[in-house]
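Down below is the structure, laid out as structure tokens.
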Amino acid sequence: MDLKEEAVKDIISWDGTLSSSDFSLSASTFSEKWKMFNPSFPPWLWIPCPNHHVVSSHNVEGYLSLENMCLVKSQEEESNRTLTWKVESNISQKDEPIDYATLECPEHEVNYYDFHIVYSPSYRVPVLYFRSYHSDGQPLLLNEIEKDLPGHSAKLLSESKWTFITQEEHPYLNRPWFKLHPCGTSEWMKLLFHSDTSLNKNGLVIEQYLVSWFSVIGQVIGLKIPFGMMD
């Protein structure tokens, strides 16, 4: 049996989950591709968090972080609304602002978002955590966040049994953050990889996992990945 046949066999028996070490590998691939194909955005940074209690101490721990994102809302009708993301570096309420060029954003049209991709040891899949706040630092409530989402996302969140927003303590920061609940992630990731033959070869299950995952999850929040990242 050649390597390609073995890889396909692994795909067939694969349950759609990742180990913590697989997550670290896939996170590295994702951040490198994002930086290459999305130069107008800040990079996803790996934030190391050693000796966290939820994972064995011998594993490399951490999460991916994309922060200081400025959401510019269009003036279209709410049912057809679109989102424009820009970088905002000089935000007074940030703990550690990143030094990117500031883009002018009218305050009455802007909310700010931080995104973290965190590994869930219980579900064994990545989870998107996020927080949002006004220009004065006041956190947004869930109903305000839902108004920021693209129209198709609000519909998806209301109808899908696999995608919904909850609020709970961030596993590393010990502060309340929102997250897209990971229930069902392994099922739809398994379906995604099984249906796409370009992913069924030579270890791309692991390396390409986060790219494929974010191609779906990112659409919920209006952050689309460039097509080139899928190659």
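None of the figures in this text is laboratory data; all of them are computed from the coordinates on show. Not measured: the values here are computed from a predicted model. For neighbour counting, all protein chains shown are included, and Cβ atoms are generated from backbone atoms with ideal geometry for every residue, glycine included.
For this structure, a couple of remarks:
- Amide proton proximity set for residue 67, modelled H, under 5 Å, gap of 5+: 115
- Potential lengthening between residue 15 and residue 216 on full extension [0.36 nm per residue; Cα-Cα distance subtracted]: 70.6 nm
- Label-point separation in nm, residue 36 to residue 144, each point 7 Å along Cα→Cβ: 3.9 nm
- The length gained by stretching the chain between residue 230 and residue 173 to full extension, at 0.36 nm per residue less their Cα-Cα distance, is 17.4 nm.
- Residues 166, 17, 185 arranged by fewest to most Cβ contacts within 10 Å: 166, 17, 185
- Likely footprinting exposure, 193, 37, 30, fewest C-beta neighbours within 10 Å first: 37, 193, 30
- Residues 128, 173, sorted so that the one with the fewest Cβ neighbours within 10 Å comes first: 173, 128
- Packing rank of 44-50, 211-217, where each peptide gets the mean count of other beta carbons within 10 Å, highest leading: 211-217, 44-50
- Once the Cβ-Cβ distance of residue 134 and residue 49 is raised to the sixth power relative to R0 = 35 Å, the FRET efficiency obtained is 0.80.
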